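Down below is the structure, laid out as structure tokens.
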Amino acid sequence: MLTRLKAKSEGKLAKQICKVVLDHFEKQYSKELEDSWNTVRDVLISPSLWQYAVLLNRFNYPFELEMDLHLKGYHLLFQGSLPYYPKSLKCYLSRNTDRLPSERHQFGNLKKYYLLNAASLLPVLALELRDGEKALDLCAAPGGKSLALLQCAWPGYLHCNEYDRLRLRWLRQTLESFIPQTLINVIKVSELDGREMGDAQPETDKVLVDAPCSNDRSWLFSSDPQKAACRIHQRRNLPVLQMELLRSAIKALRPGGILVYSTCTLSKAENQDVINEILNSYSNIMPVDIRGIARNCSQDFTFAPTDQECSLLVIPDKGKAWGPMYVAKLKKSSTGKW
């Protein structure tokens, strides 16, 4: 019975794959990823292979759930493998495709865990947020990375910004569901155009730009072929927006501050090319080598080469925590200018 239901579910999902988008990806990514593309494609089009990680909420810690995860064969991600890894950040992953149900939002009750793409924690870890630091999450909705940042440290100030009104509502609900009122006081939520945030939020220690992008995984399941074709046409304009957001983030950053850029697309034009353009445009922005993260996390993630010491690209792979997730780390020096 379960097998029939699973097959029926997988068949239904397979029918929802948008051929227009898949054909576009075939042309682009078979060139950019070469031999890796066949495996990446197989995972992207098969939701049954996606593995959702379980991020435990330190503000309402689920001890019994943690014991149950151990019994079910889940393992703790990143444990002891990275120079920066706060003990308060606990995320579990199963080797199979078990998925816990999402907890329902209940006003006044903090949720115990958050389901996420484990690769989305890599930008958070690359940012290396410390207690007392001033941080900005420039494109914060739906709030998973803001939540993860708060699992890592108690910032002196965290500004979560989201320009899209519907997504802003989602962000507020995420924070309300996981963060106690005592910590809400150090969090500011705003609905500003991220391209203008730099002037409004100067002297920030750490800035995360999880930029609007092609979002390959969700695009593949676009139900309307006409909308999908329109998105593909608009895709060429995304690097312009991404660079404008990065320029704003650089303005917001204090000298010596750290900037992390991330996307959930495989597209070189939205990833490496954007970062190269920024590095070529600013004499006071320096790349930070994060290749050690790939070396230390290869057991749980598959990384494709980026030809940049300051960036990583997680690609979907069978039996591994899924992507796509591109991460780049930059530092603002005290000398030089644009």
Residue in segment 274-294 that is in a strand (DSSP E or B), open to solvent by less than 10 Å² (accessible area, probe 1.4 Å), of a type outside the set (A, V, I, L, M) and at negative phi present: no
Elements of type helices (runs of 4 or more DSSP H) in segment 158-233, at least 1 residues being open to solvent by 80 Å² or more (accessible area, probe 1.4 Å) and of a type outside the set (Asp, Glu): 165-178, 181-184
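Just to check your reading of the model, which residue among Arg95, Arg130 is assigned to a loop (DSSP other than H, G, I, E, B), out of contact with any Gly (no Cβ under 6 Å at 6 or more places or on another chain) and either open to solvent by less than 10 Å² (accessible area, probe 1.4 Å) or within 30 Å of Arg195 (Cβ to Cβ) (or both)?
Criteria check complete, one pass: Arg130.
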Selection within segment 78-131 - touching a strand residue (DSSP E or B) at 6+ places or on another chain (Cβ under 9 Å), of a type in the set (Gly, Ala, Ser) and touching a residue at least 60 places away in the same chain (Cβ under 8 Å): Ala118, Ala119, Ser120, Ala126
Tally, over segment 43-60, of residues that are at pLDDT 95 or above and not aliphatic (A, V, I, L, M): 4
Contacts under 6 angstrom Cβ, first residue in segment 199-223 being under 30 Å from Glu26 (Cα atoms), partner of a type in the set (Ser, Thr, Tyr) and modelled with pLDDT of 90 or more, 6 or more apart: Val209/Tyr261; Asp210/Ser262; Ala211/Thr263; Cys213/Thr263; Cys213/Thr265; Ser214/Thr265; Ser214/Ser267; Asp216/Thr265
Cross-chain or 6+ apart pairs with Cβ under 7 Å, segment 60-75 first and assigned to a helix (DSSP H, G or I), then open to solvent by less than 40 Å² (accessible area, probe 1.4 Å) and among the hydrophobic types (A, V, I, L, M, F, W, C): Glu66/Leu56; Leu69/Val54
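The values are calculated or read from the model by the stated rules, or taken from the named source; none is laboratory data. Note that the structure is a prediction, hence the values are computed from the model and not measured. Cβ coordinates were reconstructed from backbone atoms using ideal geometry, including for glycine residues, and neighbour counts include every protein chain displayed. Just the protein is used for accessible areas: all its heavy atoms, side chains included, with ligands, DNA and RNA removed. Shrake-Rupley method; radii C 1.70, N 1.55, O 1.52, S 1.80 Å.
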